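The values are calculated or read from the model by the stated rules, or taken from the named source; none is laboratory data. Here the structure is a predicted model, which is why all the values come from computation and not from measurement. Note that each Cβ is placed from the backbone with ideal geometry, even for glycine, and that neighbours are counted across all protein chains shown. To get the accessible areas, we keep the full protein, side chains included, count just its heavy atoms, and leave off ligands, DNA and RNA. Shrake-Rupley method; radii C 1.70, N 1.55, O 1.52, S 1.80 Å.
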Amino acid sequence: PRAKAALLKAVQYNPRNIRARLVLAQVYLSERSGDLALEQVNAVLAQDPKNYRAQFLKGGGYVLKNDMKNARDAYEKAAEIKPNDPAPYFQLANLERSQRNYDKAMSYLDKAIELKPDFVMAIAAKVAVYAAQKKPEEALAYLKRTISNNQNNDKLVALLQELRGATLMSQQDYVESEAAFKKAVELNPDLVAPYLSLARLYQITKKTDKAIGQYQAILDKQPKFIQGYMALGAIYEAEGRSTQARTMYEKALEINPDFAPAANNLAWVLLHENENPDRALELARKAKKQLPDDPNVADTLGLALIAKGFYESALSELSMAAEKLPEQPTVLYHLGLAHWKNGEKEKALEVLNKAVKTDLEFPERKQAQQLLEEIRTERT
């Protein structure tokens, strides 16, 4: 709020302050205030019609208003101004995906990846497009090629193996899926998603006791094997055994106090147990510092900020998480909760409706439905 007030004052003092207007537009976008963001970027474009950042943010403003025609026009102009920047092509692909124009979406994604071969979000979007078209074999073949072309980039290959594991799991190929998730952990122990995916896999295949025994055997031989504690924590968490999960994450943090996945997961458990919100927020912020672009971490931090009553800050984190995980119902529920806590009932309704309409199962479905009914009752 203070930063926004300072920006508003700067613009009032000097209406031609382009930098302040662009930062203010970004703030409004994070608050999902499309009209206010457009007001700022249009003022910039009146002075500088070829301002790339303004055109790009203009696209985001129109997306919030569900005006896809003008959003597309803005992103196309941004791409004309900076043809070697992959970001506008990625956003154009998202627009085409939302309207099920999959061939066009693929074309834009290919362009974005051509410009930035390690553009993980674009690679993941390509896999999602294949999935939407029910072409898992093509997705797996694409991931195999991409992994082969990036053998010297362990962190990228770890992310690709996570995507591969998720695709294999959707095909019920649990043996190969498990191997892919374990390879992701081996290549990048700091990545949060593979631990969570392994937990889901073991829960689906009902092999939790066997998995627990295997990890405990490893830890008997290698007591500082931090990945073992993380995997056990994720399995216990998926089983609803929160006390054991907390113990595992605490042990991981004893080995490495700055280990972001353990900090993130321990914060998550504390929040779901309604215990020690101050420590949960401290842990979530530690994880965010180490993994600033991870949407799972942003989701945890957003939930911690809600627990402490910092609703505007929570909205910023959860909007980022929802942008990167637009179909993840748990993230959408948390975003809807933050909007409601912040007094934004219409926005809360929009997001919560999307969460409960998904075919994906998620543990907060009942809470999301109850909150929807509560908001609807308040409106009538």
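Note that the chain presents 51 Å² accessible area per residue, ligands and nucleic acids not counted, probe 1.4 Å. Just to confirm my numbers, what's the Cα centroid distance between the range 75-129 and the range 149-211 in Å? What the calculation gives is 26 Å, centre to centre. Computed from the alpha carbon atoms alone, the convex hull of the chain holds 150 Å³ per residue. Taking a straight Cα-Cα cut-off under 18 Å and skipping sequence neighbours fewer than 8 places away in the same chain, the lysines within cross-link reach of LYS65 are LYS345, LYS347, LYS354. Working value for the range 77-124: equivalent-ellipsoid semi-axes of 16, 13, 8 Å, each the square root of 5 times a Cα gyration tensor eigenvalue, largest first.
Gain on full extension, evaluated as 0.36 nm per residue between ARG145 and ALA3 minus their Cα-Cα distance, stands at 46.6 nm.
Quick one: which of 192-200, 261-269, 367-375, 157-165 comes out on top by average Cβ neighbours within 10 Å, and what's the full order, highest first? Display every interim value, and only then the final one.
Details: 192-200: 22.7, 261-269: 27.3, 367-375: 15.8, 157-165: 24.2.
Highest-to-lowest ranking by the protection proxy: 261-269, 157-165, 192-200, 367-375.
The share of accessible area on the range 110-167 that comes from carbon and sulfur is 50 percent, using a 1.4 angstrom probe. So which aspartates and glutamates can LYS111 reach, going by Cα to Cα under 20 Å and dropping same-chain residues fewer than 8 places off? Cross-link targets: ASP73, GLU76, GLU80, ASP85, GLU96, ASP103, GLU138. Think of the chain as having a plus end and a minus end, set by charges on the Cβ of Lys, Arg, Asp and Glu; of ASN188, LEU168, TYR62, TYR62 sits farthest toward the positive end of this dipole.
Beyond 27 Å in Cα-Cα separation lie the following of the pairs LYS104/LYS289; LYS221/LYS324; LYS135/LYS182; LYS288/LYS341: LYS104/LYS289; LYS221/LYS324.
Any chance you could tell me what percent of the C-alpha pair distances in the range 99-143 go past 14 Å? Could the numbers behind the result be given before it?
Numbers: 441 of 990 pairs.
That fraction is 45 percent.
Here, the range 260-356 has an Rg and a Dmax of 12.2, 35 Å when only alpha carbons are counted. Normalised by the number of residues in the range 303-380, the average gap of Cα pairs under 8 Å and 6 or more apart makes the relative contact order 25 percent.
Using C-alpha pairs below 8 Å separated by at least 6 residues, the relative contact order for the range 4-148 is 12 percent. When every Cα-Cα distance of the range 37-102 is counted in 10 angstrom steps from zero, the calculated P(r) takes the values 25, 54, 19, 2 percent.
Counting helices only, and only those DSSP H runs with n ≥ 4, report the 222 nm mean residue ellipticity of the chain as the sum of -39,500 (n - 2.57) divided by its residues, in deg cm²/dmol to the nearest 500.
Values: 22 runs with 299 residues, N = 380.
Taken over the chain, the calculation gives -25000 deg cm²/dmol.
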